[in-house]
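Derivation of every value follows stated rules applied to the coordinates shown; laboratory data play no part. What you are looking at is a predicted structure, and each value in this text was computed from that prediction instead of being measured. Cβ atoms come from the backbone with ideal geometry, glycine included; neighbour counts cover every protein chain shown.
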Amino acid sequence: MTDKESLPSIFDYLNSVSNKKYMKPDSDLKVYNQYIMNKGLSYYPDAILLVDEVNKGNISDQWHYEFLYHVLDKKVRRSKWFKPDQDDDLKVIVEYFDINMSKAREIIKLFSKDEIENIKQTLNKGG
């Protein structure tokens with residue numbers, strides 16, 4: 001077994017906190033990430049205020065895990081993580097002008113739908 005296979009994932013820690021199945025953290029908490037833990041729990045109304053409290057201080061990963069484990073109620077917490085929608089028109093602008101997404105979001109407002117369709121036809125490589 002390789003070293004990567006033996007390490008728990010951050011989602012194992014999230015499940016541990018929610019389901020109250022204590023995980024003895026690996027010595028360095030290599031995969032533990034307070035931001036991801038806070039983000040994963042912030043989707044739930046019963047956890048958001050506790051996540052806000054633990055986020056106020058500068059505490060170690062071990063203390064962060066222990067706080068969440070002992071303070072949150074046992075509950076199944078599963079949700080899809082928010083991901084921004086991928087806009088096809090933005091992808092076309094990025095490819096055509098060879099720019100990043102943030103620049104494409106800025107300049108897409110300058111184009112009409114017809115102009116974007118013309119760009120799509122220009123980029124159409126066929127098949």
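Per the Cauchy relation, a quarter of the hull surface: what is the mean projected area of the convex hull of the alpha carbons in region 3-71, in nm²?
The Cα convex hull of region 3-71, projected and averaged over all directions, gives 4.5 nm².
From a point 7 Å beyond the Cα of D88 in the direction of its Cβ, which residues of region 98-121 have a backbone N at a distance under 20 Å?
Zone members listed by number: 98, 101, 104-105, 108-121.
Can you give me the distance in nm between label points at L7 and F97, each placed 7 Å from the Cα along the Cα-to-Cβ direction?
Roughly 3.9 nm, to one decimal.
Which distance in nm do the two modelled labels at E117 and M23 give, with both placed 7 Å along the Cα-to-Cβ direction?
For the pair E117/M23, the computed spacing is 5.1 nm.
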